[in-house]
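Remarks on the structure that follows.
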Amino acid sequence: MPLMPGAEPYHHDGGQIGVLFCHGFTGTPQSLRPWAEFLAARGLSVSLPRLPGHGTRWQEMNRTHWEDWYAEVEKAFEDLQGRCAEVFVAGLSLGGCLALRLAEVHGPAVRGVVVVNPSIANDVPLLRLAPLLKWFVPSVPGVANDVKKAGARELAYARTPVKAAASLPGLWALVQSDLARVTQPLLVYHSMDDHVVKPTSVAIIRRRVPHATIEELTDSYHVATLDNDADTIFAGSLDFIRTHASVPLQRD
């Protein structure tokens, strides 16, 4: 299945600190590419895989579910572990949920977590009907490109595949049930004006992971990694990694 131009995964071999990036639902690596390249230019090893069913056609995504997406980031995590002394995980939206799941499963093997507008709760009424709708409606209007910055665009599907979406509540429930296992340093970036993910997810994290640091973004919508606050996220994540890594960063 041909890829959308720009939807390719991205990898960079740098120093002994690795960062795994997880992109969002119906999105592509493009939404996180500038962030990954920023850290790569500062000597980190980075891995930004493309989740199965993403970056081609929404019909292809309807053949996948959350277990497929998690398996892909799990594989990428294990690859980074084999090449780096320490691994951090980061994600946007659904990718933030996948990053938190990696932290829950792998414990201390994940050195720290950075998430941007994470989605871990079923707060969209239509999604509650997805298990039924999937038998009658193949797709609904998409949620992509919620970006405030003029001229910036997210490469993602214009339609939301309903069968794929119907698998999300299972992942959300699993991640919520195990949030107490996230004992690693956690940095959460939260857009005050987000038209895709409601504040419920961050509120749950704030309550159940009290050591998490929550940074509010005031000039971005949902896809903040492509928006006006992107530089804040990039620099803040680098400082976070420098603070919590036990090995020094190496510049290329």
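The values are calculated or read from the model by the stated rules, or taken from the named source; none is laboratory data. Predicted, not measured: the structure shown is a model, and the values here were computed from it. Here Cβ is always computed from backbone atoms with ideal geometry, including for glycine, and neighbour counts include all displayed protein chains. Quick note on the areas: whole protein, heavy atoms, side chains included, nothing else; ligands and nucleic acids left out. Shrake-Rupley method; radii C 1.70, N 1.55, O 1.52, S 1.80 Å.
What the table shows:
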quantity: Kyte-Doolittle mean at least -0.5, axial Cα span of 30 Å or more - DSSP H helices of the chain; calculated: none
quantity: Efficiency of FRET between residue 81 and residue 123 - r from beta-carbon atoms, R0 41 angstrom, step 0.05; calculated: 0.80
quantity: 1.4 Å probe accessible area per residue over the chain, in Å²; calculated: 41
quantity: For residue 15, distant residues with modelled amide H under 5 Å away; calculated: 44, 45, 250
quantity: Mean ellipticity per residue at 222 nm, deg cm²/dmol - from DSSP H runs of n ≥ 4 across the chain, formula -39500 (n - 2.57); calculated: -10000 deg cm²/dmol
quantity: Of all DSSP beta bridges in the chain, antiparallel share, percent nearest 5; calculated: 20
quantity: Trypsin sites (Lys or Arg not before Pro) within the stretch 1-74, DSSP loop, no more than 15 other Cβ atoms inside 10 Å; calculated: 57, 63
quantity: Separation in nanometres of the label points that stand 7 Å from Cα toward Cβ, at residue 63 and residue 41; calculated: 3.8
quantity: Sulfur and carbon atoms: percent of accessible area, the chain [1.4 Å]; calculated: 54
quantity: Cα-derived Rg over Rh, computed across the stretch 175-252 with Rh taken as Kirkwood radius; calculated: 1.01
quantity: Interchain or long-range residues, amide H under 5 Å from residue 10's placed H; calculated: 48
quantity: Sites residue 180 and residue 218, calculated FRET efficiency, Cβ-Cβ separation with R0 25 Å, nearest 0.05; calculated: 0.25
quantity: FRET efficiency estimate (nearest 0.05) - Cβ-Cβ, residue 173 to residue 247, R0 41 angstrom; calculated: 0.70
quantity: Where a label projected 7 Å from the Cα of residue 211 along Cα→Cβ would reach, residues of the stretch 170-192 with amide N under 19 Å; calculated: 176-189
